[in-house]
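Since every read-out is calculated from the coordinates, none of them should be taken as a lab result. This structure is a prediction, so every number in the text was calculated from the model and none was measured. Heads up, the Cβs are rebuilt from the backbone with ideal geometry, glycines too, and the neighbour counts pull from every protein chain shown.
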Amino acid sequence: MIFFFKRAFQDIRTNSFLSAVTIITIFLSVLIVSTLVLFFLNTNDYMNSWKKGIKIIAYLKPDIAETNLVDIKNKIHGLYGVAEAEFISKEEAMKRLREQMKRQSSLLNGFKENPLPDAFEIRLTEQFSNSERIENLAVQIEALPEIDDVEYGRRWIGRFIKLFDLFRLTGYAMSGIFFMAAVFIVANTIRLVIYSRREEIEIMRLVGATDRFIKTPFYIEAVIQGALGGIIGLAALFAAYIYISTNVEQSLSFDLLHVRFFSLRLSGAIILCSMLVGWLGCFISLRQFLKE
Amino acid sequence: MIEKNEKSTIIRMFHVHKNYGSKKALSNINLDVSKNEFLFITGPSGAGKSTLLKLLYLGEPVSEGQILIDGMNLSRISRKRISFLRRKLGIIFQDYKLITTKTVFDNVALVLEAMGKKRQFVQKKVNSVLRMVGMEKRFNAMPQSLSGGEQQRIAVARAVIGMPKIILADEPTGSLDPESAGAVFDLLKEFHARGATLLVATHDQELIRKTGCRVIYLKDGCQVSK
């Protein structure tokens, strides 16, 4: 195996131009796919955080005794899909409303009595993202004898979840298509490398070299080139990320624009994927070439 | 007697035909070559000399007939076994076929490396063969920096380093000056003296006359005389 590694490094040095072309091709492919993945990952994060904000407000019937509140809370908590149920008294609700209305809050002074009902603000578990499930849960809560009405933005949630699923599906599909495109671009570049060395391969065959003897250094070369292309691609993306996070983010001072980079594990997985792209490209090209 | 004869035969060709489309390159070739024989294949250009050698190292498949080399039937040989057949053969080409991106040493070492020999053995053996062909001082040179005669010596070194039973030489002196041609031919004779069977395709009648070995004459793909 050491012999094959030596031969692979020797071949990379000898065919430095074509090796550089392969590395640049893999680097560009990794850069494009990683940028896309990073975009989808960050957007996914934002959408998830919005999703976490989905709440059901359950309004209580008037004249519910305070002693029953713990019991009602336990009943709501016992339902599948409920992460948290917080009691909002009508005084607290009025306070929040005043804060929201700001200058117009003086309009509320006209009320002799607080017209707002007591309520429970119910947060859902993360897995509970299906609009049908949310609707079912709302029906169950509404069926409790102490609950007067339930509100959860039925139409908005339905649309949001559909949009979120479509976005995620598009992300998977585009990443898959870009991955395949990268494999075929790399396969064609490696085919050029193999074609430029066809005489060498032919001579090797004539002196009794087995297919394995011929192929192994090509595979090692492709995996090394894949790793190098992946590392350079990620480094370029990281540099762009640092630039954006220090310049653009600060100048906008916009909380929403906080972008996160890949974790170490994910970075490792991307480098492994770029090595796989190199290997696959080599496999496709060599299979066709050695058949001829 | 027949059994003894069969045992000493290393190459057998039975009614071998080779066609390229509708063009007949070789027709009904029957040939027995004994172990350690020195055989010339001659004839005018386009007679089928190179094609005949190609069939022996499976550079081309036969269209009809059968070839046996050292007990291996080439029509039944699997794709994987072709490399093992070629290790029994040492092939010398008129255009040398050296890898231009590798040094003299690496070109010669390639055969042993393909056989999976250990590095120390390869180093020792390559040095000894390069010494034999008088190229030990040029071990680090690239093929392009060598003369035609020197390149052919390297090709001979590569052909013999695996100690093949059979050496196939296709116009080994065709592109060389008389002095270099003589040196290369002397090398071939030396390996023949060491026990190898030699098949040399050439149209150099002077060379054939000097050695006095058996000659196969081809004309338009047909065997004219033995």
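Phi-derived couplings, Karplus 6.51 cos²θ - 1.76 cosθ + 1.60 at θ = phi - 60°, listed residue by residue for segment B:177-186: 6, x, 5, 5, 4, x, 5, 5, 5, 4 Hz, with x used for Gly and Pro.
The reciprocal of the average 1/r between distinct C-alpha atoms defines the Kirkwood hydrodynamic radius, which for segment A:55-151 equals 14.4 Å. Once the Cα atoms are used to define both axes, helix B:119-132 deviates from the longest principal axis of chain B by about 80 degrees. The simple spin-label model puts a point 7 Å past each Cα toward its Cβ; for B:Ser175 and A:Tyr80 those points are separated by 8.0 nm.
Short-range pairs are left out: with C-alpha atoms under 8 Å and at least six residues apart, the relative contact order of segment A:55-151 is 50 percent. In this structure, the amide hydrogen of B:Thr173, modeled 1.01 Å from its nitrogen in the peptide plane, lies closer than 5 angstrom to no residue at least 5 positions away or on a different chain.
Using only DSSP helix segments of four residues or longer, with each worth -39500 (n - 2.57), what per-residue ellipticity at 222 nm results for chain A after dividing by its residue count and rounding to 500?
Rounded to the nearest 500, the figure is -23500 deg cm²/dmol.
Among the residues of B:92-100, the average count of other protein chain beta-carbon atoms within 10 Å of the residue beta-carbon is 3.
Lys and Arg at +1, Asp and Glu at -1: add these up for the other residues within a Cβ distance under 11 Å of A:Glu86 and post the number.
Summing Lys and Arg as +1 and Asp and Glu as -1 gives 0.
Taking amide H as placed 1.01 Å from N in the peptide plane, the amide H of A:Val82 sits under 5 Å from that of A:Thr125, each at least 5 places away or on another chain. Packing around the peptides B:104-112, A:259-267, taken as the average count of other Cβ atoms within 10 Å per residue, puts them in this order, highest first: B:104-112, A:259-267. Taking amide H positions as modeled 1.01 Å from N, with prolines and chain starts lacking one, the residues under 5 Å from B:Ile92 and 5 or more places away or on another chain are B:Leu168, B:Ala169, B:Asp170. Per residue of B:101-109, other chain Cβ atoms within 10 Å of the residue Cβ number 2 on average. Short-range pairs are left out: with C-alpha atoms under 8 Å and at least six residues apart, the relative contact order of chain A is 31 percent.
At 222 nm, what helix-only mean residue ellipticity would chain B give, in deg cm²/dmol to the nearest 500, using -39500 (n - 2.57) for each DSSP H run of four or more? That calculation yields -11000 deg cm²/dmol at 222 nm. 3J(HN,Hα) couplings calculated from phi for segment A:82-94 with the Karplus curve 6.51 cos²θ - 1.76 cosθ + 1.60 (θ = phi - 60°) are, in sequence order, 8, 8, 7, 10, 10, 7, 10, 6, 5, 5, 4, 4, 5 Hz; Gly and Pro show x.
The mean count of C-beta atoms from other chains within 10 Å of the C-beta of residues in A:194-202, rounded to a whole number, is 2. To the nearest 10 degrees, how steeply does helix A:131-142 sit against the main Cα axis of chain A, on a 0 to 90 scale? Once rounded, the angle reads 20 degrees.
Taken one residue at a time, the phi angles of segment A:168-174 give Karplus couplings (6.51, -1.76, 1.60, θ = phi - 60°) of 5, 5, 4, x, 4, 4, 5 Hz. Gly and Pro are set to x. Remark: chain B is approximated by an ellipsoid whose semi-axes, taken from the C-alpha gyration tensor as √(5λ), come to 29, 20, 17 Å, largest first. Under the criterion of Cα pairs below 8 Å and six or more residues apart, the relative contact order for chain B equals 29 percent.
Residue-normalised convex hull volume from the C-alpha trace of chain A: 184 Å³ per residue. Let a ≥ b ≥ c be the square roots of the eigenvalues of the Cα gyration tensor of the protein assembly as shown; is it rounded (a/c under 1.5), or, if not, prolate (a/b larger than b/c) or oblate? Taking the square roots of the gyration eigenvalues as a ≥ b ≥ c, the protein assembly as shown is prolate. Highest mobility in the GNM of chain A, judged by mean-square fluctuation with C-alpha springs under 10 Å and restricted to A:Ile203, A:Ile271, A:Ile185, is found for A:Ile203. Summing charges over neighbours of A:Arg7, with a neighbour being any other residue whose Cβ is under 14 Å away from its Cβ, gives +2 when K and R count +1 and D and E count -1.
Using a simple spin-label model with pseudo-atoms 7 Å out from Cα toward Cβ, A:Ala240 and A:Leu69 lie 5.3 nm apart.
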